[in-house]
Amino acid sequence: MELNNTSALVTGGASGLGEATVRALAARGARVVVLDLNAERGRAVAESVNGVFASCDVTQSDQVIAAIDAATTMAPLRSIVNCAGIAWAQRTIGKDGEYASAHDLDVYRKIIEVNLIGTFNVCRLGATAMSHNTPDEDDCRGALVNTASVAAQDGQIGQVAYSSSKGGIVGLTLPLARDLSAVGVRVNCILPGLIDTPIYGFAPESEEFKARLAAGVLFPKRLGLASEYASLALELLTNSYMNAECVRLDAGVRLPPK
C-alpha cells in the first residue's frame, strides 16, 4: 500500500512509539494527524513534520471524528496507528484481606476504556472513513495497526488491568480484520516488549532501572527503540499481504511473574 500523498492518523502521537511513527510516516510522504491530549508536545511534533495536531480523547467519538475529518481534508486517509494507552499496577487483593483494599474497580474500567475501547473506537470510525476510498490494485482502501503489549501474553503480578486491556486488543485483531475485509481494510497488531520510551523517565535512577530490565532480554540485550516499532508499523501498513497478524517485537524476552 502506497503512503505518499495519503493521510494518516497516529494516536498517542506526541511522544514515544507514537512520535516515532509520526516521523516515519511523514518521511514516506504521508500527511499525519497527531492525536494526543498533550497539546504543547503534540503541536510541536505535528509542526515539525508539516502535519496537524488534534486534541483527542480516543474514547470520545466526536473528537475522533474531528481528527478523521482533518485527515481526509488533506488527502485520502489510508493509515491509522493506535499508540494511545495508559498503564496501572495493582494486585487483585490487598495485603489486609479487606474488601476495600481489593483492586480499584473504577481504575480497572478506566484502563479498559482507554486502551481497549478507545482503540476500537478509532478503528470503527477510521475504517468507516477508509471505506469511501478508491481501492488500489489489491483492492485495499486502508490499513490499521493497533498496539498491544507482550503483557497480553506474559502479564506480570499487578498487571491484571493492563494485561486485560492489551489481551483484548490481541483478541480484537482477527475478527476486526474479518469484518473489514468486506471493504478492503487490513488490520494488524504489534506486541511491543521493553521499549525505551519517556515512560521510564530520564533521571539517573531511570537509567539503572532500564539496565536491569535489559538484563532479561534474550538478544540483543538492550531495550528496544521507538524507531524499531515505527519500522514494523510501516511494514504492516505497506505490505499488502500482512493481515490479521499479531507480531511480538521484543528481542525474545519472556516476562517473569514479577
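The values are calculated or read from the model by the stated rules, or taken from the named source; none is laboratory data. What you see is a predicted model, and the numbers here were worked out from it, not measured in a lab. No Cβ is skipped: glycine too gets one built from the backbone with ideal geometry, and neighbour counts run over all protein chains shown.
Structure values in brief
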quantity: Residue count, region 231-245 (criterion: surrounded by fewer than 19 Cβ atoms within 10 Å (Cβ to Cβ), hydrophobic (A, V, I, L, M, F, W, C) and within 15 Å of Val170 (Cβ to Cβ)); calculated: 1
quantity: Leading residue by the ranking (farthest from Gly168 (Cα to Cα)) among those in region 91-110 that are among the charged types (D, E, K, R) and more than 33 Å from the chain's Cα centre (by Cα); calculated: Asp96
quantity: Residue within region 102-118 that is of a type in the set (Phe, Trp, Tyr) and touching a Leu at 6+ places or on another chain (Cβ under 7 Å) present; calculated: no
quantity: Residue count, region 206-225 (criterion: of a type outside the set (D, E, K, R), closer than 29 Å to Ser79 by Cβ and in a loop (DSSP other than H, G, I, E, B)); calculated: 3
quantity: Of all residues making up region 62-105, the number that are closer than 21 Å to Leu37 by Cα and acidic (Asp, Glu); calculated: 2
quantity: Candidate set: region 15-46, residues that are acidic (Asp, Glu) and either in contact with a strand residue (DSSP E or B) (Cβ under 9 Å, 6 or more places away or on another chain) or buried (at least 20 other Cβ atoms within 10 Å of the Cβ) (or both); chosen: the one nearest to Thr238 (Cα to Cα); calculated: Glu19
quantity: Candidate set from region 226-258 (those that are in a helix (DSSP H, G or I) and among the hydrophobic types (A, V, I, L, M, F, W, C)); member that is farthest from Asp179 (Cα to Cα); calculated: Ala226
quantity: Candidates Arg222, Arg248, filtered to the one that is of a type in the set (D, E, K, R), surrounded by 14 or more Cβ atoms within 10 Å (Cβ to Cβ) and either in contact with a Leu (Cβ under 6 Å, 6 or more places away or on another chain) or under 17 Å from Lys166 (Cβ atoms) (or both); calculated: Arg248
quantity: Pick from region 179-200, criterion at pLDDT 95 or above and in a helix (DSSP H, G or I), ranking: surrounded by the fewest Cβ atoms within 10 Å (Cβ to Cβ); calculated: Ala182
quantity: Any hit, region 156-167, residues being closer than 30 Å to His103 by Cα, under 21 Å from the mean Cα position of the chain (by Cα) and in a loop (DSSP other than H, G, I, E, B); calculated: yes
quantity: Residues (touching a helix residue (DSSP H, G or I) at 6+ places or on another chain (Cβ under 6 Å) and either within 30 Å of Ser240 (Cβ to Cβ) or aliphatic (A, V, I, L, M) (or both)) located in region 97-120; calculated: Ile111, Ile112, Asn115, Leu116, Thr119
quantity: Residue, nearest to the chain's Cα centre (by Cα), within region 118-152, restricted to residues that are farther than 27 Å from Met74 by Cα and in contact (Cβ under 8 Å) with a residue 40 or more places away in the chain; calculated: Ala148
quantity: Residue within region 133-140 that is farther than 20 Å from Gln63 by Cβ, touching an Asp or Glu at 6+ places or on another chain (Cβ under 7 Å), β-branched (Val, Ile, Thr) and not in a helix (DSSP H, G or I) present; calculated: no
quantity: Condition met for Leu176 (within 19 Å of the chain's Cα centre (by Cα), crowded, with 22+ Cβ neighbours inside 10 Å and at pLDDT 95 or above); calculated: yes
